[in-house]
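Since the structure comes first, as structure tokens, the remarks are kept for the end.
The values are calculated or read from the model by the stated rules, or taken from the named source; none is laboratory data. Just so you know, these numbers come straight off a predicted model, no measurement behind them. Reconstructed Cβ throughout: ideal geometry from the backbone, glycine too, with neighbour counts over all protein chains shown. Keep in mind that these areas ignore ligands, DNA and RNA; they rest on the heavy atoms of the full protein, side chains included. Shrake-Rupley method; radii C 1.70, N 1.55, O 1.52, S 1.80 Å.
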Amino acid sequence: MFEVAISQGTTFRQLLSIYLPTINQLFPDTTVRTVQRCQEVIHRVAGRLIQEKKQKIAEGEKSGDSYDGKDLLTLLLKSNTAADLPPEHRISDDDILNNINTFMFAGSDTSSLSLTWTLLLLAQNPGIQDQLRTELLSVAQEFPRDLSELSEDQIQSLHSALSGLPFLHNVTRESLRLIPPVHSTLRVATQNNEIPTLYPVASRSGTVNETKHSFIVPKGTFVHLSIEAFNLDRAVWGEDAWEFKETEDKITKQNVILTRPYVSGKFKDGTQCPLLVSRFLGEVRNMTDCQEE
Ligand code: HEM
């Protein structure tokens with residue numbers, strides 16, 4: 001859908017439809033029809049998923065063996081039918097369907113692209129790849145190789161185990177920093193405002209050039225928020241901001257109510273634990289070997 005709708009270039013008509021959305025309803029072109037067809041598929045599949053989940057939940061209630069799915073849809077359906085939820089707070093099946101549409105829209109490309117970019121970065125950084133693999137293997141041993149054999153309980157404990165892996169956490173965050181799948185977003189100013197800036201802004205008033213430390217945003221202005229620019233700003237992240245890294249800083253322990261990690265000499269920067277990454281050549285060994293290193 002995105003391929004057809006956006007990545008083939010923006011036409012004058014698409015720009016016009018931002019200001020005149022009814023043009024799409026009145027005169028749908030190929031792009032609009034493709035998006036509509038995709039929406040219909042999403043609605044049909046999501047509708048079927050809702051019915052299937054509802055049936056599982058109802059069967060569970062009947063048999064006394066309550067359905068314990070932890071997926072987003074089950075949680076949404078269960079909380080919507082919870083006995084202590086006032087009727088006016090319940091949402092209709094149609095709204096559940098629209099929410100699923102949002103989750104699919106917001107959740108699928110973002111997740112798959114971030115995974116793709118992470119895999120590419122790991123391919124370009126084999127040392128990090130090995131270390132991450134070693135960490136993941138330390139967890140994998142406890143579970144069946146074929147993930148389709150996992151019970152609901154095992155899925156939960158695999159999820160908790162993965163969430164607790166510090167290196168996986170850092171690799172994921174560094175990948176999202178360097179290549180944020182949502183590189184920017186838009187907002188519209190709902191009132192006139194003057195926004196202070198971190199860097200001086202060159203501006204022109206009449207024939208006079210001046211340097212300002214703020215700019216005026218009139219009500220109704222579209223504001224482009226560049227997540228990628230924040231993430232890659234050398235002034236914030238340092239000269240190596242455009243590289244996929246970990247740090248060589250030394251980590252020290254301090255007892256501050258709990259035992260917390262700090263970067264040596266940077267206690268005032270607060271608790272933080274950037275990981276030391278060194279290229280690992282040879283066979284993948286177990287976590288204990290890595291930690292001893
Ligand atoms: C790596 C994966 C993801 C990234 C990088 C990502 C990124 C973002 C960003 C930047 C926004 C803010 C957009 C804005 O306010 O302009 C956002 C909003 C949102 N995301 Fe994600 N997201 C990811 C995964 C997911 C998943 C898996 C779901 C749901 C299953 C999801 C659901 C949402 C929803 C519901 C919103 C709010 C939309 C709204 O304000 O109406 N996202 N996401």
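Selection of segment 112-124 for residues being within 11 Å of the ligand (Cβ to nearest atom), open to solvent by 30 Å² or more (accessible area, probe 1.4 Å) and either among the charged types (D, E, K, R) or touching a residue at least 24 places away in the same chain (Cβ under 8 Å) (or both) yields LEU113, TRP117.
Counting only residues that are in contact (Cβ under 8 Å) with a residue 40 or more places away in the chain, open to solvent by less than 60 Å² (accessible area, probe 1.4 Å) and assigned to a loop (DSSP other than H, G, I, E, B), segment 57-98 holds 1 of them.
Can you name every residue in segment 192-228 that is in contact with a His (Cβ under 9 Å, 6 or more places away or on another chain) and of a type in the set (A, V, I, L, M, F, W, C)? Within segment 192-228, LEU198, VAL201, ILE227 qualify. What do you reckon, is PHE244 closer than 30 Å to ARG133 by Cβ and either touching a helix residue (DSSP H, G or I) at 6+ places or on another chain (Cβ under 7 Å) or modelled with pLDDT of 90 or more (or both)? Criteria met by PHE244. Take the conditions (1) farther than 30 Å from ARG177 by Cβ; (2) within 14 Å of the ligand (Cβ to nearest atom); ASP94 misses just one of them, which is (2).
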